[in-house]
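Structure, as structure tokens:
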Amino acid sequence: MKQWLQHTLEKLNLVTTMEQPEGFTRLGYTDEEWEAMAAFTRIAEELGLTVTQDAAGNRIARWETSENKHKPAVATGSHVDTVKYGGGYDGVAGVLCGLGAIKLLKQEGFNPLAPIEVICFASEESSRFGISTIGSKAMSGKLDVDTLASVEDENGVTIKEAVESRRLTWANVKSAERRSEDLASFVELHIEQGMRVERAKRDFGAVTAIACPIRLVLHIEGKANHTGTTPMGQRQDALVAAAPIISFISERANELSEKSDLPIVATASTIELKPNVMTVIPGQLDLGIDIRSVDDRLKEQLEEEIRDRCKQVEQRFDVTIDVEKLVHNPSVHLDMNVHDKLVSLGEELGLTSLTLESGAGHDVMNMAAKWSTGMIFIPCREGLSHHPNEHASIDDLYKGTTIITAYLRKETGE
Ligand SMILES: [Zn+2]
């Protein structure tokens with residue numbers, strides 16, 4: 001089985017060795033993602049599953065019988081797209097372990113009383129369009145088709161054009177939405193992209209919630225002027241004004257995290273400086289801030305404190321700061337019944353778990369809006385992801401496969 005996992009991992013990544021110095025680049029709705037989707041389809045069909053593509057390009061590999069086909073399906077899955085120069089495990093791990101679970105169940109002659117599905121979602125990563133989880137948004141009816149149609153990638157290709165380049169019709173994408181009664185539950189396996197499971201010396205993580213971000217952009221307006229002739233006391237330097245705010249965000253998130261039950265993380269992650277010329281005082285600066293916690297009140301508290309700090313900075317440095325809120329997504333709580341089942345099924349297999357929340361977004365956050373949803377994390381080396389050196393061991397992929405197998409068996413068994 002471990003050998004099958006290794007070979008199938010390589011097939012899904014379209015390589016013959018996982019050692020790829022440049023990593024993997026399979027952006028959403030590109031030829032590369034579609035080739036990995038085709039590999040998924042071939043492997044699923046070899047396992048005897050029936051694969052369909054929905055109107056958003058998601059692939060659904062289904063195991064149904066004439067007796068069970070009218071029942072809600074129990075589903076698992078993830079995605080095969082990557083960021084630029086990303087790793088071969090983020091996304092692929094969940095698809096692989098789902099397919100591996102089908103293989104194990106078929107080997108033992110299991111007869112599911114409800115259909116089982118392995119879903120490969122389209123375009124999960126936000127790296128092409130700045131919009132994440134397009135496929136699972138469409139499946140759960142959360143895709144805002146009208147506003148998204150004209151969003152462009154860096155080459156000026158719109159989402160609509162990208163989707164249609166895959167012989168899909170943008171006007172039909174909404175029909176990818178499935179009814180609540182189509183699925184009984186959905187479980188996603190994913191690499192942790194952190195080190196908490198490994199540090200706690202547990203086998204896997206059982207996820208309770210997905211921390212969704214508040215994202216702000218501070219537009220700091222000072223005055224550009226000559227660096228040589230403008231006296232120190234007469235400057236309106238936007239970069240100098242940003243400096244204490246950047247420090248405050250990091251220090252305050254640290255303090256709040258230590259004091260609270262649930263962690264909060266906040267990052268000043270982008271900066272755009274104008275004119276960005278050696279001999280000119282920075283006149284304008286845009287600072288992007290990403291704040292995440294599953295505790296929404298804590299996120300809002302930090303946002304308020306950042307706004308207060310901006311007011312102080314405006315006075316002190318003679319600049320104006322306009323705070324733009326780009327995103328405010330409430331955190332998504334997963335189904336604790338599914339969580340508890342995954343934990344106890346792990347125990348039955350002799351596997352220990354750590355209950356934790358996810359700092360990153362995943363397809364489950366959309367699926368959870370409509371269906372009972374759970375998630376497990378398997379460790380990845382040094383917590384590294386979105387990087388060519390991303391790695392999960394075959395042993396951990398195998399353990400993950402056995403948990404998914406046990407879950408599917410329990411939920412579709414007698
Ligand atoms: Zn992922």
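When D308, D363, D396, D340 are checked against the criterion of being more than 24 Å from A101 (Cα to Cα), among the acidic types (D, E) and modelled with pLDDT of 95 or more, a single residue qualifies: D308. Checking each residue in the stretch 355-371 for being away from the ligand (no atom under 15 Å from the Cβ) and either within 15 Å of the chain's Cα centre (by Cα) or open to solvent by 30 Å² or more (accessible area, probe 1.4 Å) (or both) picks out T355, E357, A368, A369, K370. The residues of the stretch 64-96 that are open to solvent by less than 10 Å² (accessible area, probe 1.4 Å), among the polar types (S, T, N, Q) and over 17 Å from A39 (Cβ atoms), listed by number, are N68, T76.
So, in the stretch 279-321, of the ones that are β-branched (V, I, T) and part of a loop (DSSP other than H, G, I, E, B), which residue ends up most open to solvent (accessible area, probe 1.4 Å)? For the stretch 279-321, the residue satisfying everything is T279. Exactly one residue out of L104, L99 is more than 9 Å from the ligand (Cβ to nearest atom), open to solvent by 10 Å² or more (accessible area, probe 1.4 Å) and either of a type in the set (A, V, I, L, M, F, W, C) or within 21 Å of S66 (Cβ to Cβ) (or both): that is L104. Kindly check whether there is at least one residue in the stretch 276-284 that is over 21 Å from the mean Cα position of the chain (by Cα), closer than 30 Å to S331 by Cα and of a type in the set (A, V, I, L, M). Scanning the stretch 276-284, I find no residue that is over 21 Å from the mean Cα position of the chain (by Cα), closer than 30 Å to S331 by Cα and of a type in the set (A, V, I, L, M), so the answer is no. Restricting attention to the stretch 372-391 and to residues that are touching a Leu at 6+ places or on another chain (Cβ under 9 Å) and surrounded by 24 or more Cβ atoms within 10 Å (Cβ to Cβ), the residue that is nearest to M1 (Cα to Cα) turns out to be I378. When G350 is tested against (1) open to solvent by 50 Å² or more (accessible area, probe 1.4 Å); (2) farther than 24 Å from S136 by Cα; (3) in contact (Cβ under 8 Å) with a residue 60 or more places away in the chain; (4) away from the ligand (no atom under 16 Å from the Cβ), just one condition goes unmet, and that condition is (3). Taken over the stretch 183-196, the criterion of being modelled with pLDDT under 95 and of a type in the set (A, V, I, L, M, F, W, C) is satisfied by M195 alone. Suppose the filter is open to solvent by less than 50 Å² (accessible area, probe 1.4 Å), out of contact with any Phe, Trp or Tyr (no Cβ under 6 Å at 6 or more places or on another chain) and in contact (Cβ under 8 Å) with a residue 40 or more places away in the chain; does H328 pass it? Answer is no for this residue.
The values are calculated or read from the model by the stated rules, or taken from the named source; none is laboratory data. Worth saying up front: this structure is predicted, and the values here are computed from it rather than measured. Cβ: placed from backbone, ideal geometry, glycine included. Neighbour counts: every protein chain shown. Surface areas here come from the heavy atoms of the whole protein model, side chains and all, with no ligands, DNA or RNA. Shrake-Rupley method; radii C 1.70, N 1.55, O 1.52, S 1.80 Å.
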